[in-house]
C-alpha cells in the first residue's frame, strides 16, 4: 500500500452465543471489563432486551473490546478432538507462572472448562479453556506487550 494509506481498525471481537448475557458476564469478570452504557444487566425480574440481542464490553479506557451476539443455535467447538474446529480463539496473557496458576482458579470458578494443560512447558506455559458457550481461549505466560511504535 502507498505511504499514508489508511487501514481499517479492529474495533472488537464478536462472539456468537446462545446466552449473550451469561457469556458477557463471564468475560466481564474474567477480564475486568465494563459494559457499554445501556448494556448493563437489568434489575432482578426486569426484562433484558439488550441481553437477548447484542452486548459490548469495554476496557478501562472505554474502548470496545469484546461483543456478544445472540444466536438461536451454535455448535460447540470440539477442539482439540472432534469434527468442529475452534474457528477463532482468544489469547490472554499473564506475566508469570504464578499468575497463570491464579487465573486458572478464577477461570474455572467462573465456569471455564480446561481443554489442554501445558503449564509445565518450559518455553511457554499455557492452558487452553472453553468458555461457558464452548469458545476456546488460551491463557499463557508472556511478557507484557510493549506499546506499538508510532
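Bear in mind that the values in this text are calculations on the coordinates, not laboratory data. Quick caveat, the model's predicted, so the values are computed rather than measured. Please note: Cβ atoms are built from the backbone with ideal geometry, for glycine as well, and neighbour counts cover all protein chains shown.
What's the center-to-center distance, using Cα atoms, between the stretch 1-80 and the stretch 87-125 in Å? The two parts, judged by their Cα centres, are 21 Å apart. Take every DSSP beta bridge whose two residues both sit in the chain; close to 65 percent of them are antiparallel. Coordinate range of the alpha-carbon atoms in the stretch 90-141 per principal axis, descending: 30, 16, 15 Å. Take every DSSP beta bridge whose two residues both sit in the stretch 1-89; close to 60 percent of them are antiparallel. Most tightly packed first, judged by the mean number of other beta-carbon atoms within 10 Å of their residues, the peptides 130-140, 64-74 read 130-140, 64-74. Mean residue ellipticity at 222 nm from the helices of the chain, using -39,500 (n - 2.57) per DSSP H segment of n ≥ 4 over the full residue count, to the nearest 500 deg cm²/dmol? The per-residue figure over the chain is -5500 deg cm²/dmol. In the list (i) 14.5, 44; (ii) 13.7, 38; (iii) 17.0, 56, the label attached to Rg and Dmax of the Cα atoms in Å as derived from the coordinates here is (iii).
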